[in-house]
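Enquirer: Take this structure, written in structure tokens, and hold onto it; I'll ask about it next.
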């Protein structure tokens, strides 16, 4: 063998040995509890450029690892970071099983009740946005009196002040009127008609565990009304040990709050109790002599009892009572009483009482029966300077459903009964009669795990309404989940809304009952969303949601006035079309969290020859929230919301505006102190135009499209017992 051939032979042998001896890391990654393999786990070898991601079977392989003691890092959103050392070469590393522990407070561990399957939020074919326990705890000290502020932080939701005199707010979703958003409390849809016209958003955050938001058509779940979306307020449940919270709050506009919450368990029983009071003083912010903030005295109490007679039975009994007294109009009339000059005064008294009962019977781990029964009474007395309207609405909701888990199928089927009875009590003589409305419904829902990555949800509801006929509502959803990082949802469904004059009109002179000749509004909608979340640069959590939606509504019901001034409802000859996109990004790095949201909605009233923009719908809304926390010591945040391209009834465009807020919290052992400022820039509609026209005796209030209260500071103290 020549010298050259010998050198080549030695080089080949050395290269072969080198390749053969390269170190390889191979592992199978699983959930520590469910033992399921985990896709999308990021793995890095510290101080090298070597990395990999686990495949659909949870397998990881990294080649060409240098000899020596190497640090292995594993990351997956929703799981605790895993670190360990391996000294290479190491023959055991080729068959290493690795288990990751889920973070219990992560979004993926939130259980959603609105869909009746009690599934984890990330496993649902229906897209549900959840404001969780942490959000409610934070909001309870920032804006203790109601939930309108935290809902308004979401780009897809618009909170609109509908009445300057009584301070009522309404929720708009996907560019549609507020009557198309169904409001529920603990799965009970009792907020509608006469009882849904005032005070729906006055639920204090301290009394809530979470808020579940379903965007788009959800009428298949709970019946008519959920055309634009559904919002379900979920009450807190008792804790294992006795706990109590007291919150005191005062604002720069003369508002004061005291809210209390207590809970505890003992053996087979538990209880929660919320009690609160909210007092507002009448204020004239813009100096025109009329109240921008009415006098408001609101008192509420909400006790709930929990029983577990055995391991398979859960019983909850609750009672809610709320008293609300409001007074607005001419500021002098509000404070001293009406006289010949200062005549315009509106007084309202509201008294809402609700009793609810629920029973869950677990026959096995795969089968449970659910029973819900509730009844409520809502009294409202409206007293204008020249008009008195006093009525009571009695509502009930009953439901029985069975949840069945069969391998790859989750089945829910049941029946429900909804009733509404309105009784006109002592009032001025108007041509308005008592009315009643009943709906019997049958519903079915199946969640089918077709493949490991693809699930299908089929829903069907058949409602029989006593006044407006029968409704068949199908719904279909597809959910593709390519591991924990990426998922796609597609959904389509139908909905309806039965006529109710109180959905579009306040009690007033000339108000008439609608006739049964009016048709119900019918809708068809489609929603899609793409979700992606991961960990960037080892520590930065990134989450992206891109949604698309479309809704069309036929037979829209409007308020009409004849030549004699009588007010009644009728079906108009246009179609409502709403379509748009909603984008949000969430970033978290250590103690810093950032939310960015953008919503664009085109919502039109489409006639045969002309289109009008849907009023009070900002076509473009940008929202952002930035927060920083030093755990157990400090928390600070700033948020902003920009509303643009909004129109009124006459297709007149109103100015764009920016709303900003900021807060800082100091946390001690059992005490938290919060200083908050809403509307930092003091943006008010009255800066662009007067809110009142006409005379003091007969004022005409302009439609409200922007803030009216101006800049507001509040200082709150939370005490944990």
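The values are calculated or read from the model by the stated rules, or taken from the named source; none is laboratory data. What you see is a predicted model; the values in this text were computed from it and never measured. Glycine gets a Cβ as well: all are built from the backbone with ideal geometry, and neighbour counts include every protein chain shown.
Enquirer: Among the strands (runs of 3 or more DSSP E) contained in segment 127-186, which hold 1 or more residues that are out of contact with any helix residue (DSSP H, G or I) (no Cβ under 6 Å at 6 or more places or on another chain) and surrounded by fewer than 24 Cβ atoms within 10 Å (Cβ to Cβ)?
Expert: 128-131, 157-161, 181-185
Enquirer: I'm trying to understand the selection: among the residues of segment 603-615, which are outside any loop (DSSP other than H, G, I, E, B) and surrounded by fewer than 17 Cβ atoms within 10 Å (Cβ to Cβ)?
Expert: The answer is 606, 611, 612.
Enquirer: Here are the criteria: (1) in contact (Cβ under 8 Å) with a residue 24 or more places away in the chain; (2) under 27 Å from residue 143 (Cα atoms); (3) in contact with a strand residue (DSSP E or B) (Cβ under 8 Å, 6 or more places away or on another chain); (4) not in a loop (DSSP other than H, G, I, E, B). Tell me which single one residue 686 does not satisfy.
Expert: Every condition holds for residue 686 apart from (3).
Enquirer: Considering 536, 559, 567, which residue is free of Cβ contacts under 8 Å to residues at least 60 places away in the same chain and touching a helix residue (DSSP H, G or I) at 6+ places or on another chain (Cβ under 9 Å)?
Expert: None of the other options fit; the residue is 559.
Enquirer: Among the residues of segment 87-99, is there at least one that is in contact with a helix residue (DSSP H, G or I) (Cβ under 7 Å, 6 or more places away or on another chain) and modelled with pLDDT of 85 or more?
Expert: Within segment 87-99 (the criterion being in contact with a helix residue (DSSP H, G or I) (Cβ under 7 Å, 6 or more places away or on another chain) and modelled with pLDDT of 85 or more), the answer is no, since none of the residues qualifies.
Enquirer: Just give me the residues in segment 322-354 being within 30 Å of residue 399 (Cα to Cα) and surrounded by 15 or more Cβ atoms within 10 Å (Cβ to Cβ), in sequence order.
Expert: Within segment 322-354, 322, 323, 324, 350, 351, 352, 354 meet the criteria.
Enquirer: So, in segment 639-657, of the ones that are in contact (Cβ under 8 Å) with a residue 24 or more places away in the chain and crowded, with 17+ Cβ neighbours inside 10 Å, which residue ends up farthest from residue 550 (Cα to Cα)?
Expert: Checking each candidate, the answer is 639.
Enquirer: Still on this structure, I have one more. Would a scan of segment 265-277 turn up a residue that is out of contact with any strand residue (DSSP E or B) (no Cβ under 7 Å at 6 or more places or on another chain), within 30 Å of residue 367 (Cβ to Cβ) and buried (at least 16 other Cβ atoms within 10 Å of the Cβ)?
Expert: Yes; the residues of segment 265-277 include at least one that is out of contact with any strand residue (DSSP E or B) (no Cβ under 7 Å at 6 or more places or on another chain), within 30 Å of residue 367 (Cβ to Cβ) and buried (at least 16 other Cβ atoms within 10 Å of the Cβ).
Enquirer: Select from segment 284-313 the residues that are closer than 24 Å to residue 145 by Cβ, in contact (Cβ under 8 Å) with a residue 40 or more places away in the chain, in a strand (DSSP E or B) and over 27 Å from the mean Cα position of the chain (by Cα) and list them in ascending order.
Expert: Selection gives 290 alone.
Enquirer: While we're looking at this one, here's another question. For segment 379-397, check the following and say yes or no: at least one residue is under 30 Å from residue 314 (Cα atoms) and buried (at least 20 other Cβ atoms within 10 Å of the Cβ).
Expert: yes
Enquirer: What about residue 461, is it crowded, with 19+ Cβ neighbours inside 10 Å and closer than 29 Å to residue 359 by Cα?
Expert: It is true that residue 461 is crowded, with 19+ Cβ neighbours inside 10 Å and closer than 29 Å to residue 359 by Cα.
Enquirer: Ok, one more. Please go through segment 100-112 and pick out each residue that is buried (at least 16 other Cβ atoms within 10 Å of the Cβ) and at pLDDT 70 or above.
Expert: Within segment 100-112, 100, 102, 112 qualify.
Enquirer: Based on what the data block shows, is residue 534 at pLDDT below 90, closer than 28 Å to residue 456 by Cα and either in contact with a strand residue (DSSP E or B) (Cβ under 8 Å, 6 or more places away or on another chain) or assigned to a strand (DSSP E or B) (or both)?
Expert: The answer is yes for residue 534.
Enquirer: In a loop (DSSP other than H, G, I, E, B), buried (at least 18 other Cβ atoms within 10 Å of the Cβ), touching a residue at least 40 places away in the same chain (Cβ under 8 Å) and assigned by TED's automatic domain parsing to the domain that holds residue 433: which single residue out of 553, 518 fits that description?
Expert: 518
Enquirer: Now for a separate question. If you check 588, 593, 636, which single one turns out to be within 24 Å of the chain's Cα centre (by Cα), part of a strand (DSSP E or B) and surrounded by fewer than 16 Cβ atoms within 10 Å (Cβ to Cβ)?
Expert: 636
Enquirer: On the given criteria, is residue 284 under 15 Å from residue 335 (Cα atoms), crowded, with 16+ Cβ neighbours inside 10 Å and in contact with a strand residue (DSSP E or B) (Cβ under 8 Å, 6 or more places away or on another chain)?
Expert: For residue 284, the condition - under 15 Å from residue 335 (Cα atoms), crowded, with 16+ Cβ neighbours inside 10 Å and in contact with a strand residue (DSSP E or B) (Cβ under 8 Å, 6 or more places away or on another chain) - is not met.
Enquirer: Taking the conditions exactly as written (under 30 Å from residue 615 (Cα atoms), buried (at least 20 other Cβ atoms within 10 Å of the Cβ) and out of contact with any strand residue (DSSP E or B) (no Cβ under 7 Å at 6 or more places or on another chain)), does residue 502 satisfy them or not?
Expert: Here the answer is yes, as residue 502 does meet what is asked.
Enquirer: Let me spell it out: the conditions are (1) surrounded by fewer than 24 Cβ atoms within 10 Å (Cβ to Cβ); (2) under 26 Å from residue 371 (Cβ atoms), and residue 214 meets all of them except one. Which number is the exception?
Expert: Looking at each condition in turn, residue 214 falls short on (1).
Enquirer: Related question: For segment 187-207, how many residues are outside any helix (DSSP H, G or I) and within 11 Å of residue 231 (Cβ to Cβ)?
Expert: 3
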